[in-house]
Amino acid sequence: MSDTCGSKVIEFYQDSVVLITGASGFLGKVLLEKLLRCLDARKIYVLIRRKRDYSAQMRLDQILKSMLFDRVRNETKAAKTLFDKIEAVEVNFERDDLGLDPALRDRLRQEVEVAFNLLASVNFNEALDQALETNVECTRRVLNLLSGARRIKSVIHVSTFYSNCNRTLIEEKIYDDIGFGGYDNIKSTFAKLQDDHKQFLSPVVLGTFPNSYTFSKKCAEVVVRDKFGHLPIGIFRPPIVTSSYREPVPGWVDNFNGPSGMVVPLSQGLYSAALLDPKKKPFIVPVDFCVNALLVCAYDVSKSSVTKSIPVYNYTDDCNLWTWDQVINGFFSGLGPIRKLVAKYFTGTITVNPVRYAICKRIMMFQAFCLDLIRTFTGKEKIMQRLFSKMVTLSEVLRFFCLNDWKMTNANIRRISEEMSPLEAELFPLDIRKIDWTEYYRNFVPGVIKYAVQPRSPRSPSISERKLKESKQIRESKKLNSGLFYLLWSSVFIIALKIFKNLFNKV
């Protein structure tokens, strides 16, 4: 893209060298796709670790051959040339030198101009010391590498809006009220403890934080401020990131985390329950809007690198928000007429009562048991109980965020949105207030089905064998609901659910 007229953002990325960590994650993949399709970077370094028998290059090849990059392949004349711009750099994030040989390390420091640190563990149930290692120490090692970068213009550290979820008002600033003498003291204390002592102490350290993920991301922000304030760096805080709104295609998602996991059973005509307050208003952003904001924030950081404080970007907005009740009804709108009716009145339960939800979970697992029983009669492996258990776990990580809401400030995000030229606003739409949520949620369930439940078979291993196996298992559960089995199962189960709802409709 040689024409940068009317866009300082495009000009900023023109012929630049970009470094990305976390490119194998949901947000990282979409960021990589947008960079390739819309911006003319000279080189993109992707720091990626070896995983089992897959080298960094093999993992990058898997990413680039996925459906997400079809638009790059189909609409770009020189797609191969674009893909050749990407270089996989195999790293070991557990080592202080990242496992890089000196020559490669020096090359990165000589060339890199823009960096996005998306590296994170989003396992909410992870042991505290492991979460701190990944989300804080690995970030510190990456930023140590960038500290020696000679041409660095901008670094964006991706945190989360919920890094300070123990507060009711979250402003665009770094809070350092970690407690226990600060992060360094917590780190040194845990280093001396045995595993059972760490497990005992962790809830005390977490305090009012719901999990190790949010607490570790808060610690990372403080480390960024205290150790790397000399860099042109900004902190980007997205909330719950879900499927795409428009780019590269509506509804794209590749995982069953959070809301995606909630709707999978409903999309297959099965029973599902969620513990949430229907009156609360969640902060949800489509992944493509989130990436656009990331790219523009990096440019903004390059302009404000001379300021004394690190800019923080709360990528949220309290205008045009939907309640959870509206969101769930939006999910229903993406179902077919029959399944919409069944889901709304029979197979979908929303409750704020933990006792009722515990009963609903038992119903879900009983359903999985019955499906496994059918699989046994048909000579297939019993996998539905394991699959449903995993989906319940993925959905439950949002429990804290479904039962609470927050006030926030987002002056920096609104400022950069207002400063964008008409061309930039068209190429990098990021104003959450302009999203048509009715349209978005109508495409949500079809997107989950098309891109996560029924992904195409890869020409080479573009999707991991584990994800393909999970998708196949979900499709098989759908087949079990056809024909005679569906009539028998649905009749008995829906009658039982109707009785259950009548018993608990006042709970």
Subject >> Solvent-accessible area per residue for the chain (1.4 angstrom probe, square angstrom) >> reply: 44 Å²
Original post:
In whole Å, how far is the Cα centre of region 409-442 from that of region 320-392?
Top reply: 34 Å
Subject >> Net charge dipole size for the chain [Lys, Arg +1 and Asp, Glu -1 on Cβ; Debye, nearest 20] >> reply: 1640 debye
Subject >> Positive-pole candidate from Thr347, His157, Phe116, dipole of the chain, charges at beta carbon >> reply: Thr347
**OP:** Compare the Cα positions of Val285, Val327, Leu270 along the charge dipole of region 268-347 (+1 at Cβ of Lys, Arg; -1 at Cβ of Asp, Glu; about the Cα centre) and return the one farthest towards the positive end.
**Re:** Leu270
Subject >> Residues with amide H under 5 Å from that of Ile170, placed H, sequence gap 5 or more >> reply: Lys407, Met408, Thr409
Subject >> Spin-label pair Ser421/Arg52, simplified geometry with 7 Å Cα→Cβ offset, distance in nm >> reply: 4.8 nm
Original post:
Along the charge dipole of region 1-146, which of Thr139, Val30, Asn92 sits closest to the positive end, that is, farthest toward it, with unit charges on the beta carbon of Lys, Arg, Asp and Glu (+1, +1, -1, -1)?
Top reply: Val30
**OP:** Report the paramagnetic label zone for Phe377: residues of region 258-281 whose backbone N is under 20 Å from a point 7 Å from Cα along the Cα-to-Cβ axis.
**Re:** 269-271
Original post:
Using r as the Cβ-Cβ distance of Phe366 and Asn125, and R0 as 30 Å, what FRET efficiency do you calculate, to the nearest 0.05?
Top reply: 0.80
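How large, in percent, is the carbon and sulfur part of the accessible surface of region 302-428 at a probe radius of 1.4 Å?
Looking at region 302-428 in its full context, I get 59 percent from C and S.
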Subject >> Calculated [θ] (222 nm, deg cm²/dmol) that DSSP helices of n ≥ 4 give over the chain, each run adding -39,500 (n - 2.57) >> reply: -14500 deg cm²/dmol
Subject >> Proportion of all alpha-carbon pairs of the chain beyond 34 Å (%) >> reply: 38 percent
Original post:
With axes computed from alpha carbons, what is the tilt in degrees of helix 384-396 against the longest principal axis of the chain, rounded to the nearest 10 within 0 to 90?
Top reply: 50 degrees
Original post:
Does region 56-154 classify as rounded, prolate or oblate by the C-alpha gyration tensor (a ≥ b ≥ c root eigenvalues; a/c under 1.5 gives rounded; else a/b over b/c gives prolate, otherwise oblate)?
Top reply: oblate
Subject >> Sites His230 and Lys187 - FRET efficiency at Förster radius 22 Å, r taken between beta-carbons, to 0.05 >> reply: 0.50
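Could you work out what % of the accessible surface of region 190-240 is carbon and sulfur, using a 1.4 angstrom probe and leaving DNA, RNA and ligands out of the count?
It is 55 percent, rounded to a whole number.
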**OP:** Name all residues of region 408-447 having a backbone nitrogen under 19 Å from the label point set 7 Å from the Cα of Ser333 along its Cα→Cβ direction, giving them as ranges.
**Re:** 432-447
Subject >> Cβ-Cβ FRET estimate between Gln199 and Arg433, R0 fixed at 45 Å, reported to 0.05 >> reply: 0.55
**OP:** For Cys319 and Arg71, compute 0.36 nm times the residue count separating them, minus their Cα-Cα distance, and round to one decimal in nm.
**Re:** 86.1 nm
Original post:
Within region 287-302, whose backbone N sits under 16 Å from a point 7 Å along Cα→Cβ of Glu171?
Top reply: none
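The values are calculated or read from the model by the stated rules, or taken from the named source; none is laboratory data. Just so we're clear, the structure is a prediction, and the values are computed from it rather than from any experiment. Using ideal geometry, Cβ is built from the backbone for each residue, glycine included, and neighbour counts are taken over all protein chains shown. Heavy atoms of the whole protein, side chains included, go into the accessibility calculation; ligands, DNA and RNA do not. Shrake-Rupley method; radii C 1.70, N 1.55, O 1.52, S 1.80 Å.
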